[in-house]
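Colleague: Structure in structure tokens, see below.
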Amino acid sequence: MHAAKIVLIAAAYYGSARVGLDLAFATGSVTAIWPPTGIALAALVLWGPSVWPGVALGAFLANAWTGVPMITVLGITCGNTAEAVAGAYLLRRVAGFMPSLERVRDVLALVALGAVGSTLIAATIGVGSLVVGGEVPVDDFGAVWRVWWLGDMGGNLLVAPLIMAAAAHWPFDRVPGRAGEAIVLAAAVVGLSVFVFRQETNLAYLAFPLLVWAALRFWQPGAAAASLAVATIAVYYTANAEGPFVRSNPDDSLLLAQTYFGVTGVTVLLLAAVITERRRAEETVEQIAEALQESLLPSRLPEIAGIELAARFRPVGTGHRVGGDFYDVFESGDGSWSVAVGDVCGKGPKAAAVTGLARYTLRTAALHERSPSRVLSVLNDALCDDRTPRELCGVAYARLDRVDGGYRLELSIGGHPLPLLLRPDGDVMGIGTYGVVLGAEPDARLVDTTVVLRPGDCVLLYTDGLTDAYAPALTLDPADVESLLAATSGAGAEGIADHIYGAVLDLSPSEPRDDIALLVLRIGEPPILSAS
């Protein structure tokens, strides 16, 4: 495999060198267009420095037939090989380079170390070898050196990014653009480039919108491929004395074109890097938000003898938004279960912090207080301590205890919609007494309400996002929710939750503007109490 890589590099280097040397005008060994430099740099970055013999072999074969003395061929070979080895080393070891070019720092490193820095080596050693071999007069050293250096720089700016990005991003399943769009874009790039670079009038920057399109939709692979396609077409016409870059000297014409390609290539690569860096940042924020949101809700609902449970939750917005609504069901000791549904004022990380405070304060208080109103009072005290104006929370909190033939539900409400009770005969009523929103005042008035639940009874606890999901254009009042609940008479907890949640989402094609949380408790067969 290692030998195959060396042969492949040598063949690619030699083949592209023949193309580049066909464009040599001032001297047969120096050209303003030198793709092999990019091939060599990409190969050593991707496969490591051990494949350098492939570069050396390719460079030797490419220069051996140019008619220069052997000492010059060997000097050029050493310079080209050292250039690739030094460029790869500087990128990988010094700059921490990633060939995917997804970071702005990687593009800048490629420009500074790969294109500008390492190419000084080959240009200096190569032209020096030509002077030693008598192929270039000493007085022409500077002019020939400039052509060599800029030609190598172009190879590292146009060819190397395409090879590295293609290898790093394959099979291109992360880019937003699809195959059909790629075909249309490719046809547009080729067609416009042929038109632009056949004109004497300088219309070269008309290609910029297509290059931006390639960067936006196909990221680094698209940006590099489009840049190279534009450059190839422009070089063809410039070498044949057509287009806006033509000057009296062919080398000057190609250098002018090369400058344009370098500027546009780096620009679109930087644009692609900014896009992918932003995308990575969004993905990181989404992962953090998802993990934070999961920490604010129970991972699963517990199993309670004689009770069916179902919950639905939807935070407002998408991706990085964290909802302020929450629900919880947990065992509170002595065979009792606690149920809570709450709504924190606000959205995002700040609301999430208050949600975490509310949820775990309720869990802790439930271990020491039996009365739901006392549990909410503990939370109210916590919110009032050193609070900010937005640390407000509405909570419906209930305690469930088994009794003969069913459950006793003791409930307290703090600034929250009243839960609804659905009887087996389809009758629906609100239960509980409204209390002040928690965190609004230190001595909140909170009361307890007790209801006995029998088989077939169902309790719906929900946040105001259920009624205000599409406010102000469309709102539901408690009577509307009661009607939705009444229509589910006889259904199980999951069916009830699905019906109400789906009906609310179907009210409007737009995204809800508030979090939605609902919890359904349905009493099944009466639990069997153990004998005392």
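Colleague: Hey, could you check region 253-269 for residues that are under 34 Å from the mean Cα position of the chain (by Cα) and open to solvent by 50 Å² or more (accessible area, probe 1.4 Å) and say which is modelled with the lowest pLDDT?
Modeller: T259
Colleague: Something else now. Quick one: would you say R399 is outside any strand (DSSP E or B) and not aliphatic (A, V, I, L, M)? Full working, then the answer.
Modeller: On the way: outside any strand (DSSP E or B): no; not aliphatic (A, V, I, L, M): yes.
No; evaluated as a whole, the condition is false for this residue.
Colleague: Which number in (1) out of contact with any helix residue (DSSP H, G or I) (no Cβ under 6 Å at 6 or more places or on another chain); (2) among the hydroxyl-bearing types (S, T, Y); (3) more than 19 Å from V127 (Cα to Cα) marks the one condition that T66 misses?
Modeller: Here T66 meets the rest and fails (3).
Colleague: Name every residue in region 140-199 that is under 30 Å from P250 (Cα atoms), loosely packed, with under 15 Cβ neighbours inside 10 Å and under 25 Å from the mean Cα position of the chain (by Cα), in order of residue number.
Modeller: none
Colleague: Which ones in region 493-507 are open to solvent by less than 30 Å² (accessible area, probe 1.4 Å) and not aliphatic (A, V, I, L, M)?
Modeller: Scanning region 493-507 gives a single hit, G502.
Colleague: Within region 332-345, does at least one residue satisfy the condition of being of a type in the set (D, E), open to solvent by 20 Å² or more (accessible area, probe 1.4 Å) and at pLDDT 90 or above? Break it down into steps so the answer makes sense when it comes.
Modeller: Just the residues of region 332-345 that are of a type in the set (D, E), to begin with: 334, 343.
Right, trim to open to solvent by 20 Å² or more (accessible area, probe 1.4 Å) and you get 334, 343.
Narrowing further to those that are at pLDDT 90 or above: 343.
Yes, some residue in region 332-345 is of a type in the set (D, E), open to solvent by 20 Å² or more (accessible area, probe 1.4 Å) and at pLDDT 90 or above.
Colleague: Just one of the numbered conditions (1) over 30 Å from R402 (Cβ atoms); (2) buried (at least 17 other Cβ atoms within 10 Å of the Cβ) is not true of L422; which one?
Modeller: (1)
Colleague: Among the numbered conditions (1) modelled with pLDDT of 90 or more; (2) under 29 Å from G456 (Cα atoms), tell me where G405 comes up short.
Modeller: Unmet for G405, out of (1) modelled with pLDDT of 90 or more; (2) under 29 Å from G456 (Cα atoms): (1).
Colleague: Please specify each residue of region 80-125 satisfying the condition of being open to solvent by 30 Å² or more (accessible area, probe 1.4 Å) and at positive phi.
Modeller: Once the filter is applied, which keeps residues that are open to solvent by 30 Å² or more (accessible area, probe 1.4 Å) and at positive phi, region 80-125 yields only G96.
The values are calculated or read from the model by the stated rules, or taken from the named source; none is laboratory data. Because the structure is predicted, anything quoted here is derived from the model rather than measured. Cβ atoms come from the backbone with ideal geometry, glycine included; neighbour counts cover every protein chain shown. The protein model used for the area step is the full one, side chains on, heavy atoms only, and it has no ligands, DNA or RNA in it. Shrake-Rupley method; radii C 1.70, N 1.55, O 1.52, S 1.80 Å.
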